[in-house]
Amino acid sequence: MQKLLKEIKSCTICLEHLVDGCRPVMSAHPKSKIVIIGQAPGRRVHESGIPWHDKSGDNLRQWLNVTEDEFYNEELFAIVPMGFCYPGTGKSGDLAPRKECAPKWHPPLLDFMKEVELTLLVGNYAQKYYLGKKVKKNLTETVMHFEDYLPKYLPLPHPSPRNNIWMKKNPWFQKDILPQLAKTIDKLKKQ
């Protein structure tokens with residue numbers, strides 16, 4: 001796996017499309033229990049090289065009810081975005097993750113992780129890729145019916161502060177799903 005991680009971290013497959021250059025940001029370990037599949041690193045994460053090292057990451061750690069030390073423990077959490085590099089900025093936020101990464105790197109990477117108990121699908125890109133035809137008509141419906149995808153997958157909205165409006169429109173997420181999510185994560189931490 002170390003050889004594969006080194007290959008991923010030196011990947012330049014989409015260099016010509018990235019204004020800010022390639023800097024793959026991810027983490028994984030053969031003993032990872034939980035895989036977080038998000039979108040792509042934002043500008044702050046691109047600059048720091050630390051996955052989810054931004055306000056979205058703060059929100060996600062709060063949702064999971066974990067400390068930073070727990071979150072960055074690769075034997076507990078693998079962080080494998082759909083696009084490993086910062087895609088750049090568009091008209092209304094970051095561009096979509098590059099499509100080259102997931103098909104090239106996810107299969108060999110996930111093959112090394114034999115102890116995964118749960119994969120968190122954060123946002124539409126991960127949900128559409130991994131759930132395929134099982135995805136509901138929109139993200140809200142997919143997240144609302146999270147039990148349909150357990151025990152393998154658990155779909156989540158993106159924890160970006162930009163999603164505060166979604167959170168206010170969908171109070172059931174904080175009331176019903178986040179306590180179950182934290183309980184599940186806590187159980188996996190103890191295994």
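Please treat every number below as a calculation from the coordinates, not as lab data. Here the structure is a predicted model, which is why all the values come from computation and not from measurement. As a convention, Cβ positions derive from the backbone with ideal geometry for all residues, glycine included, and neighbour counts pool all protein chains shown.
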Exercise. Based on the Cβ-Cβ distance of ILE50 and LYS168, what FRET efficiency does E = 1/(1 + (r/R0)^6) give at R0 = 22 Å, to the nearest 0.05?
Worked result: 0.15
Seminar exercise, completed: Per-residue ellipticity at 222 nm attributable to helices in the chain (runs of n ≥ 4 DSSP H, -39500 (n - 2.57) apiece, nearest 500 deg cm²/dmol) works out to -10500 deg cm²/dmol
For this session: Can you spot the aspartates and glutamates whose alpha carbon is less than 18 Å from LYS133's alpha carbon? Ignore those fewer than 8 places along the same chain.
Result: GLU141, GLU147, ASP148
For this session: Please tell me which of these pairs span more than 22 angstrom C-alpha to C-alpha: LYS9/LYS128; LYS31/LYS187; LYS9/LYS91; LYS9/LYS104; LYS55/LYS136?
Result: LYS9/LYS128; LYS9/LYS91; LYS55/LYS136
For this session: Once you have the Cα-Cα distance between HIS145 and ILE13, take 0.36 nm times their residue separation minus that, and quote the gain in nm to one decimal.
Result: 44.0 nm
Seminar exercise, completed: Low-density loop trypsin sites (Lys or Arg not before Pro), segment 138-178, at most 12 other Cβ within 10 Å, DSSP non-H/G/I/E/B, are LYS152
Seminar exercise, completed: Within segment 22-47, the residues whose backbone N lies under 16 Å from a label point placed 7 Å from the Cα of GLU68 along the Cα-to-Cβ direction are 44-47
For this session: Between LEU150, LEU121, LEU60, find the one with the highest GNM mean-square fluctuation for the chain; connect C-alpha pairs within less than 10 Å.
Result: LEU150
Exercise. How about segment 48-93: which trypsin sites (Lys or Arg not before Pro) there lie in a loop by DSSP and see at most 16 other Cβ atoms within 10 Å?
Worked result: LYS91
Problem set entry | Longest segment of the chain lacking GluC sites (Glu not before Pro) that sit in a DSSP loop with at most 16 other Cβ atoms within 10 Å | 118-191
Exercise. Normalized C-alpha radius of gyration of the chain, against 2.2 N^0.38 Å?
Worked result: 0.97
For this session: Obtain the radius of gyration and the Kirkwood radius of segment 96-182 from its C-alpha atoms and give Rg over Rh.
Result: 0.98
